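This report refers to the structure that appears directly beneath it.
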Amino acid sequence: MTQRDNTKTENASGAERQAVQGPISPADTAIANYAGRDLQPNRGIPLNLDWVKDVRVNTSAVERRAQTIGTRRTVKKEWQAGWLLRAITCMDLTTLSGDDTDERVRRLCAKARQPVQQELEQKLGIESLHIKVAAVCVYHSFVETARRAIEGSGIHVAAVSTGFPAGLSPLAERVEEIRRSVEAGADEIDVVITRAHVFGGKWQALYDEVATFKNACGPAHLKVILGTGDLLTLRNVGRASLVAMMAGADFIKTSTGKEAVNATLPVSLVMTRAIREYAQDTGMAVGFKPAGGLRTAKQSLEWLSLMKEELGNSWLKAELFRFGASSMLGDIERQLEHQATGRYSAEYRHPIA
């Protein structure tokens, strides 16, 4: 299975820029920097089975490192407010319920455009920042509704596809679902892998599956959900992360939010270190999205700290880091109100949708 051929597009954009600015350097197209090296968007590489089989995870060491993230002193006062505002800009506001309606999606989109109440923005003096979330994530049926509701805002529309959350429908149906969502206006596609490929060590099958999804996405970004709560071991998480990146994933994501166990710090540590190793070996950057079970402002600070320490400042932006945690926004608003007024407000004053 080969990767999507972007040569024609890249050549066209390169010719246009060369006519105006001269030759393009790698720094012109870099989306991140790690250890002084400019990193390009992920194009994928051929499957390297030796690299996959060599993955090792020291579970005890990972758990010890993860425990330190939430127990150390953290940022306070105005610096904490700044970090919380950054967390908002990295959020995918999500509604993935069986009783979703067009009106619920429109309310969610309104919150995405104005995640912090205008009165609170004025108290904090942040009106000029124009804070908004990164994306709104919905089922395919509501992509057009979301697209119309956030038009002109710069917020992306993400669609969950490929038989979400189980990912067990026939491959042809999953691929067609991706194409329909892209045609409807989705900027990002969140896909679910077949977990059985991981359990059986069928790395070529997993690679081919993700590469097929990548091809179907066309211009949309591909976010690959590993379902880490189902993968049983951290070694499986590391291997699945690596294969998904080799196949061209723009993001790797922990969970659907429907598993019994969703995003955890140990799992996130393994995935971010896989991203770091991949960047060091290939010169390409892949984003990370923890999803499910994240509900508090304190957790947002923990995951931002993890990204900064493991991957650096380049990953502290929506292009390379997302939270799949809509309920977290209400708690962040309450913390920001405390910063502005010295008082905590009731949760019902900060509805999501």
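The values are calculated or read from the model by the stated rules, or taken from the named source; none is laboratory data. This structure is a prediction, so every number in the text was calculated from the model and none was measured. No Cβ is skipped: glycine too gets one built from the backbone with ideal geometry, and neighbour counts run over all protein chains shown. Areas reflect the complete protein model, heavy atoms only, side chains present, ligands, DNA and RNA absent. Shrake-Rupley method; radii C 1.70, N 1.55, O 1.52, S 1.80 Å.
Just the number, please: carbon plus sulfur as a percent of the accessible area of the chain, 1.4 Å probe, no ligands or DNA/RNA counted.
Exposed carbon and sulfur together represent 49 percent of the surface.
Mind giving me the FRET efficiency for Ala30 and Trp51? R0 is 22 Å, r the Cβ-Cβ distance, nearest 0.05 is fine.
In this case the efficiency is close to 0.40.
Taking amide hydrogens as modeled 1.01 Å from N in the peptide plane, which residues meet the under 5 Å criterion relative to Ala291, leaving out close sequence neighbours?
The answer is Thr254, Ser255, Ala263, Gly324.
Running Debye on the stretch 235-283 with equal point scatterers at the Cα sites and no solvent, what base-10 log of I(q)/I(0) appears at q = 0.17, 0.20 Å⁻¹?
For the requested q values the scattering log ratios are -0.49, -0.66.
Please build a GNM for the chain, connecting alpha carbons under 10 Å apart, and tell me which residue among Trp203, Trp315, Trp51 fluctuates the most.
Answer for the Gaussian network model of the chain: Trp51.
Could you give the accessible area per residue of the chain, probe 1.4 Å, as a whole number in Å²?
Values: 15860 Å² over 353 residues.
That works out to 45 Å² per residue.
Quick one: work out the % antiparallel among DSSP beta bridges in the chain, nearest 5.
Numbers: 3 of 30 bridges.
Approximately 10 percent, going by the DSSP bridge assignments.
For the chain, what's the radius of gyration and Dmax over Cα atoms, in angstrom?
When restricted to the Cα atoms of the chain, Rg and Dmax are 19.9, 57 Å.
Just give me a number: lysine pairs in the stretch 15-149, eight or more positions apart or cross-chain, with C-alpha atoms less than 20 Å apart. Don't skip to the answer; put the middle values down first.
On the way: Lys76/Lys123; Lys77/Lys123; Lys111/Lys123; Lys111/Lys132; Lys123/Lys132.
Qualifying lysine pairs in the stretch 15-149: 5.
Please work out the Cα center distance from the stretch 329-353 to the stretch 104-171, rounded to the nearest Å.
20
Each residue of the stretch 57-65 in order: what ³J(HN,Hα) in whole Hz does its phi give by Karplus 6.51 cos²θ - 1.76 cosθ + 1.60, θ = phi - 60°, with x for Gly and Pro?
My calculation for the stretch 57-65 gives 10, 8, 4, 4, 5, 5, 5, 5, 5 Hz in order.
Under 8 Å for C-alpha pairs, at least 6 residues apart: give me the relative contact order for the chain, rounded to a whole percent.
Once divided by the residue count of the chain, the mean separation gives 21 percent.
Taking the mean number of other Cβ atoms within 10 Å as a proxy for protection, how do you rank 164-170, 211-217 from highest to lowest?
Most protected by this proxy first, the peptides run 211-217, 164-170.
How many angstrom lie between the C-alpha centres of the stretch 266-284 and the stretch 204-221?
The two parts, judged by their Cα centres, are 20 Å apart.
Given H placed 1.01 Å from N in the peptide plane, which residues other than close sequence neighbours of His221 have an amide H under 5 Å from its amide H?
HN-HN under 5 Å from His221: Glu188, Ile189.
Work out from phi, with θ = phi - 60° and the Karplus expression 6.51 cos²θ - 1.76 cosθ + 1.60, the ³J(HN,Hα) of each residue of the stretch 213-230, listed in order in whole Hz, and give x for Gly and Pro.
4, 4, 4, 5, 6, x, x, 6, 7, 9, 10, 9, 8, 8, x, 4, x, 9
Simple spin-label model, 7 Å along Cα-to-Cβ: Glu183 to Asp208 in nm?
It is 2.6 nm.
Could you sort the peptides 301-308, 271-278, 40-47 by per-residue average Cβ neighbour count (10 Å cutoff), highest mean leading?
Listed from highest to lowest mean packing, they are 271-278, 301-308, 40-47.
Apply the Karplus parameterisation 6.51 cos²θ - 1.76 cosθ + 1.60, with θ equal to phi minus 60°, to every residue of the stretch 85-99 and state each ³J(HN,Hα) to the nearest whole Hz, in sequence, with x for glycine and proline.
Karplus-based 3J(HN,Hα) across the stretch 85-99 equals 5, 5, 4, 4, 5, 9, 8, 9, 6, 10, 9, 9, 10, x, 9 Hz.
Between Ser327 and Glu78, what FRET efficiency comes out of the Förster formula 1/(1 + (r/R0)^6) with R0 = 30 Å and r the beta carbon distance, rounded to 0.05? Could the numbers behind the result be given before it?
Details: r = 25 Å, r/R0 = 0.83.
Plugging the Cβ-Cβ distance into 1/(1 + (r/R0)^6) gives 0.75.
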